[in-house]
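I have placed the structure first, in the form of structure tokens, so that the comments after it can refer back to it.
The values are calculated or read from the model by the stated rules, or taken from the named source; none is laboratory data. Bear in mind the structure is a predicted one, so any value in this text is a computation, not a measurement. Heads up, the Cβs are rebuilt from the backbone with ideal geometry, glycines too, and the neighbour counts pull from every protein chain shown.
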Amino acid sequence: MLNFKQKLNKVNTFIFDVDGVLTDGKVFVMESGEVVRNVNSKDGYALHLAIRKNYTIVIISGGNNKAIQNMLTKTGVQHIFINQHDKLQCYKDFIYSNNLTDEQMLYMGDDLPDYEVMKRVGVACCPNNSAPEIKAICSYISPQNGGEGCVRDIIEQVMRVQGTWEIANW
């Protein structure tokens, strides 16, 4: 059985949930009805760096927030699946159409809709403030909460293990 750091060597694709992972899970509803979420800039920077180093970034979210989608697109994320009520089927379709294996996938989720996908991937990880059922199946629990740097934490760990976290090449 491979340990956590050994599993990171096989990862070439990061999959992230949005609410509770890329955001802190809080939703602010404006008087106009617009929904506003909070994203950590260090997480966004890490996504950008991973893309520059040829990692694939995938977003699978049950939500449908256009502002988050626009921010991710500007960061360079090309695979954004929003309004997904069957995350497992979305995941299966993605890996099949891209000829990928479960072992190459790292998924960071925080709550029950992420559970089935996380049971399949090579590396399941979560923010510190995730649901207990999610924590129970994870290879790694970030010390950071959702929206507070957990995405940066796991991207940096993978890139350091694989030798792609190099300051000189940024």
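Details
- Qualifying residue in the range 143-156 (condition: out of contact with any strand residue (DSSP E or B) (no Cβ under 6 Å at 6 or more places or on another chain), under 15 Å from residue 16 (Cα atoms), among the polar types (S, T, N, Q) and surrounded by 20 or more Cβ atoms within 10 Å (Cβ to Cβ)): no
This table checks each residue for (1) assigned to a loop (DSSP other than H, G, I, E, B); (2) modelled with pLDDT of 90 or more; (3) surrounded by fewer than 16 Cβ atoms within 10 Å (Cβ to Cβ).
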{"position": "6", "(1), (2), (3)": "no, yes, yes"}
{"position": "25", "(1), (2), (3)": "yes, no, no"}
{"position": "49", "(1), (2), (3)": "no, yes, no"}
{"position": "67", "(1), (2), (3)": "no, no, yes"}
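- Residue satisfying all of: in the range 28-51; in contact with a helix residue (DSSP H, G or I) (Cβ under 9 Å, 6 or more places away or on another chain), in contact (Cβ under 8 Å) with a residue 12 or more places away in the chain and not aliphatic (A, V, I, L, M); nearest to residue 97 (Cα to Cα) among these: 48
- Among the residues making up the range 69-87, those that are under 15 Å from residue 48 (Cα atoms) and in a helix (DSSP H, G or I) are 69, 70, 71, 72, 73, 74, 75.
- In the range 74-94, the condition of being free of Cβ contacts under 8 Å to residues at least 40 places away in the same chain, within 20 Å of residue 144 (Cα to Cα) and crowded, with 17+ Cβ neighbours inside 10 Å is met by no residue.
- In the set (1) of a type outside the set (D, E, K, R); (2) surrounded by fewer than 20 Cβ atoms within 10 Å (Cβ to Cβ); (3) within 13 Å of residue 149 (Cα to Cα), the condition left unmet by residue 62 is number (3).
- Residues located in the range 116-142, provided they are hydroxyl-bearing (Ser, Thr, Tyr) and farther than 13 Å from residue 20 by Cβ: 139, 140
- Output for the range 126-146, where each listed residue is out of contact with any Lys or Arg (no Cβ under 8 Å at 6 or more places or on another chain) and over 17 Å from residue 24 (Cβ atoms): 132, 133, 135, 136, 138, 140
- Which listed residue is surrounded by fewer than 18 Cβ atoms within 10 Å (Cβ to Cβ) and either free of Cβ contacts under 8 Å to residues at least 40 places away in the same chain or in contact with a His (Cβ under 6 Å, 6 or more places away or on another chain) (or both), from 136, 124: 136
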